[in-house]
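Here is the structure we will look at, set down as structure tokens.
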Amino acid sequence: MTSPTTTGASRSVYWIVALATTAILFDGYDLVVFGAVLPVLMDDPTQLGPLTAGQAGLLGSYALIGVMVGALANGAVGDRLGRRRLMLVNIAWFSTGMGLAAMATSYEMFAVLRLFTGIGIGGLLATTATLVAECVPAQKKNLFNAIVYSGVPAGGILAAVLAMALRESIGWRGLFWIGALPLVTLLPLAWAKLPESPRWLAAHGRVDQARELSARTGIALPSAAQLDGERTAGRVGFAALATRRYALPTALLGTMSFIGLMLTYGLTTWLPKIMADAGYDAQGSLLFLVVLNGGAVLGTLIASRRADAVGPQSVVATTFGLAAVALLLFTFGFPLPVLLALVAVAGTGTIGTQVLIYGFVSNYYATTARAAGVAWCAGFGRLGGIFGPIIGGAIIGAGLSNSVTFYIFAGVALVGAAVTVTVPRQTPVGIVAVPEPDTDTYATMTP
């Protein structure tokens, strides 16, 4: 059982990648636009009321709590309900949340709406990685995943650039209204062009429908033996993650995501404030966000090609290490050009590492457990994203040096590298405790 397109990419695959990238771009927009408007919210109590550094850190975390809830909820139903319908629901959900947040008039109202928005973003993150993993050519799975999830730093660049250009004219509320645009632009296009995953259909016994969709779209199907192996694997969804086959890898992959998102959200939330405290004006502090996310886009695309060649595990460990080195060097007082170069490297090591982790995870699990595995890593990982802004807020609120923040995050990055190299590799006969993965085994995944 194979598709007419086994090595190349069909037009439908390109539609999936384009729509998924655009949707994920607004996750990145949401992430960075909060950091970009945070100085305004803290300096002007007429917006949401007086905000302390601790309260601001909590505001940054409420959306992440929602992301965790949304990811886990979608993981619970995604392997049963399919990929397409959840993608559509979550695009509508987070867009509505962004629009409502633009109308918030108090700290409490804004916090609730950030939580609401996060639920849709979490569901989108969990579902997107799953759909992409099941539809793109196996030989380019890390590259296509990197393209899609580079939407996160690209959205960050968009948010920072728009904040630099428009924050004074349209205010923070206007920037949040921009985040609601997918409801009237992306959603209708996705409804018309986004297909279901043929692999998901086949894994759920709808083989004829899967064959017809594969023939019509050119999206590859695995062999009949591979699908039979997945269907006879027994448990579906989160229940499969508790089996001997997946329990240890799931714990380790979740920890990697926890660390990656702690670094990502801690740095993107507080970098503008730290740089403003260091003497840079508003435009200059936002420039650091642009460079951080730009470095993540470029670095991740380069790293993903390497991951397709040698496997993602060693590449993720390396990018964690790059983050640690860059964060330590932040404290050395280098001139601005060198500092900007280090910020770009840090973007690859933090935001870019998390992109690579999503690719690693989404290709690690069988079809009947993939949505749950991705959702677990996205959901549990968001706990790290929650703690990142809180840690930064606590350090700044305590009046400690900004260098302390960078030292802590560098240490966390080193722990991430150590955890990464311990993930067992997946083979056709089960888990083998070998640190470096063979990329071909992720495509077979038969028991």
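The values are calculated or read from the model by the stated rules, or taken from the named source; none is laboratory data. Quick caveat: nothing in here was measured; it's all calculated off a predicted structure. Cβ placement follows ideal geometry from the backbone for every residue including glycine, while neighbour counts extend to all protein chains displayed.
Of note:
- Scanning region 188-203 for residues that are surrounded by fewer than 18 Cβ atoms within 10 Å (Cβ to Cβ) and aliphatic (A, V, I, L, M) turns up Leu189, Ala192.
- Residues in region 144-170 that are more than 27 Å from Leu356 (Cα to Cα) and either surrounded by 20 or more Cβ atoms within 10 Å (Cβ to Cβ) or in contact (Cβ under 8 Å) with a residue 12 or more places away in the chain (or both): Ala163, Met164, Arg167.
- Candidates are the residues of region 324-335 that are among the small types (Gly, Ala, Ser) and under 22 Å from the mean Cα position of the chain (by Cα); the one that is farthest from Ala418 (Cα to Cα) is Ala326.
- Hey, Val345 at pLDDT below 90, on the phi < 0 side of the Ramachandran plot, assigned to a helix (DSSP H, G or I) and among the β-branched types (Val, Ile, Thr) or not: no
- Matching residues in region 305-323 - criterion: being buried (at least 21 other Cβ atoms within 10 Å of the Cβ) and within 14 Å of Val419 (Cα to Cα): Pro312, Gln313, Val315, Val316, Ala317, Thr319, Phe320
This table checks each residue for (1) without any contact (Cβ under 8 Å) to a residue 40 or more places away in the chain; (2) buried (at least 19 other Cβ atoms within 10 Å of the Cβ).
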| position | (1), (2) |
| --- | --- |
| Phe26 | no, yes |
| Thr52 | no, no |
| Tyr62 | no, yes |
| Leu81 | yes, no |
| Met87 | no, yes |
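- Exactly one residue out of Glu212, Glu168 is among the acidic types (Asp, Glu), at pLDDT 85 or above and more than 23 Å from Leu124 (Cβ to Cβ), and it is Glu212.
- Residues (surrounded by fewer than 23 Cβ atoms within 10 Å (Cβ to Cβ) and of a type outside the set (Gly, Ala, Ser)) located in region 111-143: Val112, Leu115, Phe116, Pro137, Gln139, Lys140, Leu143
- Helices (runs of 4 or more DSSP H) enclosed by region 34-143 - at least 2 residues per element that are touching a strand residue (DSSP E or B) at 6+ places or on another chain (Cβ under 6 Å) and not acidic (Asp, Glu): none
- Residue satisfying condition, being among the small types (Gly, Ala, Ser) and at pLDDT 85 or above, within set Ala247, Ala225, Ala242, Ala278: Ala247
- Selection count, region 319-340, where residues are free of Cβ contacts under 8 Å to residues at least 60 places away in the same chain and under 30 Å from Gln139 (Cα atoms): 2
- Yes/no for Trp200 being assigned to a helix (DSSP H, G or I), farther than 17 Å from Leu31 by Cα and at pLDDT below 85: yes
- The listed residues are Met68, Met98, and the only one of them that is under 16 Å from the mean Cα position of the chain (by Cα) and closer than 23 Å to Tyr149 by Cα turns out to be Met68.
- Pair list, Cβ under 9 Å, 6 or more apart: region 341-367 residue under 13 Å from Ala146 (Cα atoms) and among the aromatic types (Phe, Trp, Tyr), other residue at pLDDT 90 or above and outside any helix (DSSP H, G or I): Phe360/Val423
- Asp44 among the acidic types (Asp, Glu) and closer than 21 Å to Thr367 by Cα: no
- Residue match in region 255-265 (condition: crowded, with 24+ Cβ neighbours inside 10 Å, polar (S, T, N, Q), in a helix (DSSP H, G or I) and at pLDDT 90 or above): yes
- Scope region 56-102; condition under 30 Å from Ala398 (Cα atoms) and of a type in the set (Ser, Thr, Tyr); matching residues: Ser61, Tyr62
- Residue check for Val77: among the β-branched types (Val, Ile, Thr) and more than 23 Å from Ala104 (Cα to Cα): yes
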